[in-house]
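One structure is given here, and the rest of the page talks about it.
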Amino acid sequence: MKTHRFDDHALQAARMNKRLRIGIVCSRFNEYIVNALLNGATRALESRGVSDRNVTVAWVPGAYEIPIMANTMATSGRFDGLVTLGAVIRGETSHFEYVAGPCAEGIMRVQIDTGVPVGFGVLTVENVEQANDRSRPDETNKGFEAALGTIEMIHTLRAVR
């Protein structure tokens, strides 16, 4: 039986990751939280040897716009993988339902339609406290986790292909 799994040691191999081209899509809405997620994602990429010059960050107005930018980046042929970062916080209106679900579905569709792995670092939370908890400057940061997931998927897909 062939098993394709890349443990943390393989993911840390700088030689495997140095040339990876990563696109990051960030939402400006709730920007202070997204900046913390972006810091987490860039820390993760750096910790795994991804060259800073091979990382491109694109900012969009809100989470609803993340999928179209991710699709544009994925179909450009310029990126091995993407990381999407945003924060949708439930409020007193139905805005949450109209943004969170379509954003997640759009991001999923991008990776299925293009074959380019897309790390999901879009917070969908009840309140600001939960958003702050998920964007701490440590390994529990969801931007950090999304970036690591993207690297893992790039290598796993390459092994299977």
Scanning the stretch 55-70 for residues that are in contact with a Gly (Cβ under 6 Å, 6 or more places away or on another chain) and surrounded by fewer than 20 Cβ atoms within 10 Å (Cβ to Cβ) gives 56
Out of the residues in the stretch 98-139 meeting the condition of being under 16 Å from residue 37 (Cβ atoms), in a helix (DSSP H, G or I) and of a type in the set (Val, Ile, Thr), tell me which one is modelled with the lowest pLDDT.
128
Just one of 45, 38, 20 is assigned to a loop (DSSP other than H, G, I, E, B), modelled with pLDDT of 95 or more and not aromatic (Phe, Trp, Tyr); which is it?
20
Is there a residue being within 15 Å of the chain's Cα centre (by Cα) and assigned to a helix (DSSP H, G or I) anywhere in the stretch 74-89?
yes
First in the stretch 30-55 and touching a residue at least 24 places away in the same chain (Cβ under 8 Å), second anywhere and buried (at least 17 other Cβ atoms within 10 Å of the Cβ) and polar (S, T, N, Q), Cβ under 6 Å, 6 or more apart
33/135; 34/27; 36/135; 37/135; 40/141; 48/17; 49/17; 50/17
Restricting attention to the stretch 39-56, the residues that are among the hydroxyl-bearing types (Ser, Thr, Tyr) and more than 18 Å from residue 85 (Cα to Cα) number exactly 2
Search the stretch 140-161 for residues being of a type outside the set (D, E, K, R) and outside any helix (DSSP H, G or I), and hand back the single one that is surrounded by the most Cβ atoms within 10 Å (Cβ to Cβ).
141
Is it the case, given these coordinates, that residue 125 is of a type in the set (Val, Ile, Thr), free of Cβ contacts under 8 Å to residues at least 60 places away in the same chain, in contact with a Leu (Cβ under 9 Å, 6 or more places away or on another chain) and farther than 17 Å from residue 148 by Cβ?
no
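The values are calculated or read from the model by the stated rules, or taken from the named source; none is laboratory data. The structure displayed is predicted, hence computed values, not measured ones. FYI the Cβ positions are ideal-geometry reconstructions off the backbone, even for glycines, and counts take in every protein chain you see.
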